[in-house]
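Worksheet: the structure to be examined is printed underneath.
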Amino acid sequence: MSWRTVIISNQAKLDYKMGLMVVRGLETQKILVDEIAVLVIENPAVSFTGCLVEALVEKKVKVIFCDGKRSPIAELIPHHGSHDSTEKIRAQIAWSDEIKAAVWREIVVEKIRRQAELLYKIGKEKESELLKSYIGQVELADATNREGHAAKVYFNALFGMQFSRGEDNAVNAALNYGYSLILSAFNREIAANGYLTQLGVFHDNMFNHFNFSCDLMEPFRVLVDAMVYENLPESFDKEEKHSLWRLLEETVFIDEQRHSVLNAIKINTKSALNALNEKDVSQLKFYRPIEGKE
């Protein structure tokens with residue numbers, strides 16, 4: 001099972017030989033491709049061989065490319081994630097509005113629940129109770145926008161009444177970067193299962209290539225929020241970015257077992273697909289934090 005997050009920060013040439021990714025930089029290193037779950041190319045001067053690209057796609061490794069500021073700008077997604085992807089895409093297009101609305105309601109409920117738990121953990125009991133009261137008010141497709149109301153209370157409680165998600169500051173940069181990591185992981189799982197990331201259950205922006213991933217990732221955003229709250233960065237540079245990458249290797253509970261966040265995303269994605277295809281929201285499986293962590 002793949003489990004490693006590999007970050008290439010310096011100029012190098014990446015090649016493939018006998019199951020290994022060979023990194024030729026100031027010194028040569030070799031990494032077993034089967035162990036790699038996520039490969040981050042932070043330096044635009046890194047070059048690839050076609051043989052390595054083929055191997056990474058075949059092994060379903062999530063490859064993320066960064067710009068000169070080390071921020072993600074693109075990723076490698078295979079054209080065919082599954083042998084029966086055509087059938088799965090047809091099923092995806094045919095998902096009814098009713099089941100999509102029901103799944104979205106469960107996602108919103110779970111997101112607000114995780115937010116309320118984090119606020120309680122940091123001593124914001126009043127705001128936590130308010131968010132808990134919203135849970136029973138979430139309707140199909142979240143018609144009354146409880147998610148939006150909860151978000152305002154939640155972010156003000158976490159980062160102060162003057163905080164705005166639209167501001168250009170280190171906290172928002174860290175949040176956005178962390179969310180992009182979670183989004184990329186969901187993109188990988190959706191594509192690997194043979195479905196389209198563009199066709200969501202709630203998000204449907206015609207300019208968003210990752211509507212479905214944006215749907216599924218919502219409860220996982222809280223893991224990023226907790227890490228950013230704990231560190232409250234005053235700047236957001238290489239060190240802060242690398243600390244966020246470790247989030248994918250953190251441990252949570254899902255399906256009554258301990259799993260890395262990366263594996264929890266895999267389990268959650270599969271459960272959501274089962275729920276949508278079988279029209280049964282009880283199939284959904286969400287993570288929960290381990291006691292002492294968010």
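Can you tell me which residues in segment 74-90 are surrounded by 14 or more Cβ atoms within 10 Å (Cβ to Cβ) and either without any contact (Cβ under 8 Å) to a residue 40 or more places away in the chain or not basic (K, R) (or both)? Give the derivation first.
Start the filter on segment 74-90 by keeping residues that are surrounded by 14 or more Cβ atoms within 10 Å (Cβ to Cβ), which leaves 75-78, 81-82, 85, 88-89.
Of everything in segment 74-90, those that are surrounded by 14 or more Cβ atoms within 10 Å (Cβ to Cβ) and either without any contact (Cβ under 8 Å) to a residue 40 or more places away in the chain or not basic (K, R) (or both) turn out to be E75, L76, I77, P78, G81, S82, S85, I89.
Residues that are open to solvent by less than 60 Å² (accessible area, probe 1.4 Å) and within 18 Å of M18 (Cβ to Cβ) within segment 29-38 comprise I31, V33, E35, I36, listed in sequence order. Taken over segment 130-166, residues that are open to solvent by 80 Å² or more (accessible area, probe 1.4 Å), touching a residue at least 24 places away in the same chain (Cβ under 8 Å) and outside any loop (DSSP other than H, G, I, E, B) amount to 1. Listed by first and then second residue, the pairs with beta-carbon distance under 7 Å, at least 6 apart or on different chains, first residue in segment 270-285 and on the phi > 0 side of the Ramachandran plot and surrounded by fewer than 16 Cβ atoms within 10 Å (Cβ to Cβ), second at pLDDT 95 or above and in a helix (DSSP H, G or I), are K279/I99. Can you find a residue that is β-branched (V, I, T), open to solvent by less than 50 Å² (accessible area, probe 1.4 Å) and touching a strand residue (DSSP E or B) at 6+ places or on another chain (Cβ under 9 Å) anywhere in segment 10-26? Looking through segment 10-26, at least one residue is β-branched (V, I, T), open to solvent by less than 50 Å² (accessible area, probe 1.4 Å) and touching a strand residue (DSSP E or B) at 6+ places or on another chain (Cβ under 9 Å). Within segment 56-69, the set of residues being surrounded by 19 or more Cβ atoms within 10 Å (Cβ to Cβ) and either more than 12 Å from V40 (Cβ to Cβ) or touching a helix residue (DSSP H, G or I) at 6+ places or on another chain (Cβ under 8 Å) (or both) comprises L56, V61, K62, V63, I64.
Please work out if K241 is touching a residue at least 40 places away in the same chain (Cβ under 8 Å) and touching a helix residue (DSSP H, G or I) at 6+ places or on another chain (Cβ under 7 Å). It is true that K241 is touching a residue at least 40 places away in the same chain (Cβ under 8 Å) and touching a helix residue (DSSP H, G or I) at 6+ places or on another chain (Cβ under 7 Å).
The set of residues in segment 201-257 being more than 23 Å from I122 (Cα to Cα) and hydroxyl-bearing (S, T, Y) consists of S213 alone. Screening the candidates E98, E117, E127 for the property of being under 23 Å from the mean Cα position of the chain (by Cα), open to solvent by 20 Å² or more (accessible area, probe 1.4 Å) and of a type in the set (D, E) yields one hit, E117. In segment 172-202, of all residues being among the β-branched types (V, I, T) and assigned to a loop (DSSP other than H, G, I, E, B), the one that is modelled with the highest pLDDT corresponds to V201.
Number of residues in segment 202-245 that are of a type in the set (F, W, Y) and open to solvent by 50 Å² or more (accessible area, probe 1.4 Å): the value is 4. Just one residue in the set V228, V224, V201 is in contact (Cβ under 8 Å) with a residue 40 or more places away in the chain, closer than 18 Å to K111 by Cα and touching an Asp or Glu at 6+ places or on another chain (Cβ under 7 Å); that residue is V201.
The values are calculated or read from the model by the stated rules, or taken from the named source; none is laboratory data. No experiment lies behind these values; they were computed from the predicted model shown. Counting neighbours? That spans all protein chains shown, and the Cβs are built from the backbone with ideal geometry, glycine included. The area values use the complete protein model at the heavy-atom level, side chains included, leaving out ligands, DNA and RNA. Shrake-Rupley method; radii C 1.70, N 1.55, O 1.52, S 1.80 Å.
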